[in-house]
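Colleague: This structure is in structure tokens; I'll ask about it shortly.
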Amino acid sequence: MVMLMKCIETENGVIISPVTDLDLAQTLDCGQSFRWEEYDGGYRGIAFGREVVIKLNGDELTIENSSAEDFLNIWKSYLDLELDYGKIRESISELHPVLKEACAYAPGIRILRQEPWEALCTFIISQNNNIKRIKGIVGRLCESFGDNIGSGYTFPSAERLAALAPDDLAPIRAGFRNKYIIDAAQRVASGEVDLDSCYTLPYDEARAELMKIKGVGVKVADCTLLFGFHRVEAFPVDVWMKRALEKLFPQMSADDFGEYAGIAQQYIFHYSRMNPELFD
């Protein structure tokens, strides 16, 4: 059950309590988003044009450099604090004993509600890549083409990148992905790919809308829908998930995980990645 949260504004930011079912490392540094770094006992990052430091002490969440208005309009949704993850874990744990173990292993995972264009672009960059390198490319992209907000850079808009050629992205060192980033920016900026429609289209149609972009296959589309549009029925399958399904859930497919398949996927993904001995 989600309890009523209080938000108190201070000189340095806001304090929210009680906050349950949230672990910052499991949520901010697990491959959902690539703009958060450990900092001073918490995580510093930029989203929706704001830079904040987020810390968690017990059930008390502190967001430095945030107003109460920004918490209500941005961070409450971004951290998905109104969804009852305890109830969801209880429900999906009944699907399979291993999923029950995965839920118990990392109960603090929440699905971030990211800005859709940023999610699309970063998951294009994520192809055949590791988290450290993805963060480096994304950081260089923001420094080169985003807006300077004092201590960091915003994520560049589709319109800003649409005016560029793939060779202009050479400084970010994304390799073959440069042409996909520009194609995505041009299609989104022109309206050929309607991102807003992906919130409400039937799932297969929303996936097809994103797959109009060169270099966007099923996995990138599914990641974008899950992490950028909060389509929690999405179930992205990468190398880890393919192995997990084959070894740990041999009688199940993505369709068997139900309306919260994307949340189940994150529990399984983290559990599998942190316990490679499961696949020996």
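The values are calculated or read from the model by the stated rules, or taken from the named source; none is laboratory data. As the structure is a prediction and not an experimental result, all values here were calculated from the model. Positions of Cβ are backbone-derived with ideal geometry, glycine not excepted, and every protein chain shown enters the neighbour counts.
Colleague: Give me the pairs: first residue in the range 79-92 and within 23 Å of Gly228 (Cβ to Cβ), second residue assigned to a helix (DSSP H, G or I) and hydroxyl-bearing (Ser, Thr, Tyr), beta-carbon distance under 6 Å, and six or more apart or on different chains, which are they?
Modeller: Listed by first residue and then by second, the contacts come to Ile88/Tyr260; Ile92/Tyr260.
Colleague: Inside the range 16-43, can you point out the residues that are outside any loop (DSSP other than H, G, I, E, B), touching a strand residue (DSSP E or B) at 6+ places or on another chain (Cβ under 7 Å) and surrounded by fewer than 18 Cβ atoms within 10 Å (Cβ to Cβ)?
Modeller: Step one: of the range 16-43, the residues outside any loop (DSSP other than H, G, I, E, B) are 16-17, 24-28, 36-39, 42-43.
Okay, now just the ones that are also touching a strand residue (DSSP E or B) at 6+ places or on another chain (Cβ under 7 Å), so 16-17, 24, 28, 36-37, 39, 42-43.
Once the filter is applied, which keeps residues that are outside any loop (DSSP other than H, G, I, E, B), touching a strand residue (DSSP E or B) at 6+ places or on another chain (Cβ under 7 Å) and surrounded by fewer than 18 Cβ atoms within 10 Å (Cβ to Cβ), the range 16-43 yields Ser17, Glu37, Tyr39.
Colleague: Filter the range 196-234 down to residues that are touching a Gly at 6+ places or on another chain (Cβ under 8 Å), of a type in the set (A, V, I, L, M, F, W, C) and in a loop (DSSP other than H, G, I, E, B) and give me whichever is surrounded by the most Cβ atoms within 10 Å (Cβ to Cβ).
Modeller: Ala234
Colleague: Further question: Would you confirm whether or not the range 119-126 contains a residue that is outside any helix (DSSP H, G or I) and among the hydrophobic types (A, V, I, L, M, F, W, C)? Quick ask: steps written out before the conclusion?
Modeller: Step one: list which residues in the range 119-126 are outside any helix (DSSP H, G or I), which gives 126.
Narrowing further to those that are among the hydrophobic types (A, V, I, L, M, F, W, C): none.
Taking every residue of the range 119-126 in turn, none turns out to be outside any helix (DSSP H, G or I) and among the hydrophobic types (A, V, I, L, M, F, W, C).
Colleague: Among the residues of the range 216-246, write down those that are of a type in the set (Lys, Arg) and either modelled with pLDDT of 95 or more or closer than 21 Å to Tyr85 by Cβ (or both).
Modeller: Going residue by residue through the range 216-246, those that are of a type in the set (Lys, Arg) are 219, 231, 242-243.
Within the range 216-246, Lys219, Arg231 qualify.
Colleague: Of the conditions (1) under 22 Å from the mean Cα position of the chain (by Cα); (2) outside any loop (DSSP other than H, G, I, E, B), Ala170 fails just one. Which one is it?
Modeller: The number of the failed condition is (1).
Colleague: Hey, another quick one. Of the conditions (1) at pLDDT 95 or above; (2) closer than 26 Å to Trp240 by Cα, Gly31 satisfies every one except a single condition; which number is it?
Modeller: Gly31 satisfies every listed condition except (1).
Colleague: Then there's this: So which of Ile74, Ile46 is modelled with pLDDT of 95 or more, within 21 Å of Ser151 (Cβ to Cβ), among the aliphatic types (A, V, I, L, M) and assigned to a strand (DSSP E or B)?
Modeller: Working: Ile74 fails: assigned to a strand (DSSP E or B).
Of the residues listed, the single one that is modelled with pLDDT of 95 or more, within 21 Å of Ser151 (Cβ to Cβ), among the aliphatic types (A, V, I, L, M) and assigned to a strand (DSSP E or B) is Ile46.
Colleague: Look at the range 69-105 and say how many of its residues are loosely packed, with under 14 Cβ neighbours inside 10 Å, under 18 Å from the mean Cα position of the chain (by Cα) and of a type in the set (Lys, Arg).
Modeller: Going through the range 69-105 one residue at a time, the tally reaches 0.
Colleague: In this structure, does Gly42 turn out to be without any contact (Cβ under 8 Å) to a residue 24 or more places away in the chain and farther than 28 Å from Tyr199 by Cα?
Modeller: Working: without any contact (Cβ under 8 Å) to a residue 24 or more places away in the chain: yes; farther than 28 Å from Tyr199 by Cα: yes.
Yes.
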